[in-house]
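The structure appears below as structure tokens.
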Amino acid sequence: MSLEKQGVATGWNFLSQESGFEIGETLIEYWSDETYLKALWVGLLNTVYVALIGNVLAVLVGLFIGVFSMSPNWMISRICRFYVEIARNIPLLLQLFFWYSLFNELLPAVDQAYSLGDMVFLSQRGLKFPWFMAGHWEIPTLSGFDFTGGGTLTPEFLSLIMGLVFYTGAYNAEIVRAGIESIPRGQWEAAQSLGLTRIQMLIKVIIPQSMQVAIPPMISQLLNLSKNSSLAVAIGFPDFVTIANTTLNQTGQAVEVISLIMIIYLFMSLSTSFIANLYHRSIAHKGAER
Amino acid sequence: MDSIISMNNVNKYYGDFHVLKDINLTVKPKEKIVLLGPSGSGKSTLVRLINRLEEHQHGQIIVDGITLNENVKNIEKIRSEVGMVFQSFNLFPHLSILENLTLAPIKVRKENKASAEKRAMELLERVKIADQALKYPGQLSGGQQQRVAIARALCMQPKIMLFDEPTSALDPEMVKEVLDVMVDLAKEGMTMMCVTHEMGFAKEVADRVIFMDAGQIVEEDNPHQFFSGPKSERGQQFLSQIL
């Protein structure tokens, strides 16, 4: 058997072997002499982190753009429509490359970083900002070739988030717009005739009703963003797929690693849609029963 | 102020279609006006001009001393003084009956919740539906929903009430419960403009009947005179078809 010839044993034993590789950014402490299992765990946490932040931002972008694309102001609604068309019609992978090159080419070198009050710095090394660490606020300071102290959002993370949010936000905006358009005109008129301002109408009457229509398709966009986060592999962000990929290359355990990736994404998607459906059910049928 | 609504030479178009032609109308406080006419004659549009759900192109409309124009603040002010009841109720389905009533007083009038709810419950009592306060609109019958819609408009303590065919979407046996509420309201001295096909209601409460056809006011009369013999040929024809 060819696997045996290559010295690859099937099974999950490789998980407890030493990984031997560094990971660029981690949410928990990790060293290259730890196991593959730990490395994969670090990658999974990074994936969940990106999915969580990305989805929250993409839903917010969707809400704002969706509502403003219905604005009576011609300029505002045009700009929103323009954004949606651009973002939906360029492949996500290309958008990720675009953001990544933007962060790498356009931003200044680390010693010429843009700074905001000498507290927040933006450079090719990413975004550095003050962060609460070990009991006190740490402000990033430049020492040698990089900043030390404070929090960091790396260029890889920022481009991944920008790409995912820009892309998925446009789909979310269309869903919100369709939701708003599905509300009968009488609802607007009733709210108007009571003297509510446009903002009050939207917040109190129109958006709550359109959300009931918008949530099911929005759930599938949540899942899309989570799954699309695996394109991180293309720009070198150490998400689960990137790390699983390295693991596969080093150990040759293709069947095991690929199954692991599939199981993890399946589990992530199912639990996301489970939670989202619970939420939808909690708001959907209010008052609908006769 | 002797008139609460005045319309001078008002004209309204939908594209090329001339919906309302040279409308002149003044309404005194506490006056009850019933608008009659065949469908498409512009009666609903006329009523909807008063709280600017529709915009007019020419002429002047003054409601409670405020001239209606592009000024959004003025429009919102007028809308909070003018209640409206629609043919299709248009209750907010995601809010409870009580919340339907208190939304505008709390948001527009900045009233505190307790006092808005107190008045809302009194109004629901008045339209005989207080026991449904915590239900949702979808759980109520059409007649009950329309009574809630009237109470919702009243909860803003309006000076004028507009009714746009309030009983047309109701099952026949529910018409009366809604008309009773409207009659009570009329007796309490509310200024009312009603588009309706309920001739009995028109005879009972109207101070003035306005008969419209093809975008024009054809005839204005007290109901007794109008129903016993319209002056215009079109009015006679209309009455002969519906009575």
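A crude spin-label estimate for the pair B:V72 and A:M262, with each label 7 Å from Cα along the Cβ direction, gives 5.4 nm. Computed from phi, the 3J(HN,Hα) profile of region A:148-154 under the Karplus parametrisation 6.51, -1.76, 1.60 (θ = phi - 60°) reads 10, x, x, x, 9, 10, 6 Hz, with x in place of Gly and Pro. Per residue, the solvent-accessible area of the protein assembly as shown (1.4 Å probe, heavy atoms of protein chains only, all protein chains present) comes to 48 Å². For the pair region A:103-158 and region B:1-43, the centres of their Cα atoms are 67 angstrom apart.
Once B binds A, the 1.4 Å probe can no longer reach about 2100 Å² of accessible area, counting both sides. The lysines whose alpha-carbon is closer than 26 Å to the alpha-carbon of A:K38, local same-chain residues fewer than 8 away aside, are A:K227.
Measuring between their Cα centroids, region A:68-95 and region B:153-196 lie 45 Å from each other.
If you take the Cα centroid of region B:84-131 and the Cα centroid of region A:215-268, the two points sit 51 Å apart. Ranking of B:D131, A:D239, B:D207, A:D33 by solvent-accessible surface, largest first: B:D131, A:D33, B:D207, A:D239 (1.4 Å probe, protein heavy atoms only, all chains present). When the GluC sites (Glu not before Pro) in region B:177-243 are filtered for DSSP coil states and for at most 15 other beta-carbon atoms within 10 Å of their beta-carbon, the remaining sites are B:E188.
If you build a Gaussian network model of chain A, linking Cα atoms that sit under 10 Å apart, which residue out of A:G149, A:G117, A:G24 swings the most? Its mean-square fluctuation being the largest, the pick is A:G117.
For the residue pairs B:K187/B:K231; B:K21/B:K43; B:K30/B:K187, the alpha carbons lie more than 18 Å apart in B:K187/B:K231. Among the GluC sites (Glu not before Pro) in region A:1-103, those located in a DSSP loop and surrounded by at most 13 other Cβ atoms within 10 Å of their own Cβ are A:E22, A:E29.
Residue-wise HN-Hα couplings along region B:50-65, as the Karplus relation 6.51 cos²θ - 1.76 cosθ + 1.60 with θ = phi - 60° gives them from phi, are 5, 10, 6, 6, 10, 9, 9, 9, 10, x, 10, 10, 10, 10, 6, x Hz; Gly and Pro carry x. With 21 Å as the limit on Cα-Cα distance, the pairs of A:K204/B:K12; B:K77/B:K135; A:K204/B:K110; B:K118/B:K176; B:K110/B:K159; A:K204/B:K113 that go past it are A:K204/B:K12; B:K77/B:K135; B:K118/B:K176.
Amide H contacts under 5 Å for B:E219: B:F211, restricted to partners 5 or more places along the chain or on a different chain, H placed in the peptide plane at 1.01 Å from N. Sequence-distant contacts, meaning Cα pairs under 8 Å at least 6 residues apart, place the relative contact order of region A:49-243 at 26 percent. Compute, for A:T246, the solvent-accessible surface of its heavy atoms (probe 1.4 Å) with the complete set of protein chains present, and express it in square angstrom to the nearest 10. Counting only protein heavy atoms, A:T246 exposes about 50 Å² to solvent. 3J(HN,Hα) couplings calculated from phi for region B:170-177 with the Karplus curve 6.51 cos²θ - 1.76 cosθ + 1.60 (θ = phi - 60°) are, in sequence order, 9, 4, x, 6, 9, 4, 5, 4 Hz; Gly and Pro show x.
The values are calculated or read from the model by the stated rules, or taken from the named source; none is laboratory data. As the structure is a prediction and not an experimental result, all values here were calculated from the model. As a convention, Cβ positions derive from the backbone with ideal geometry for all residues, glycine included, and neighbour counts pool all protein chains shown. Heavy atoms of the whole protein, side chains included, go into the accessibility calculation; ligands, DNA and RNA do not. Shrake-Rupley method; radii C 1.70, N 1.55, O 1.52, S 1.80 Å.
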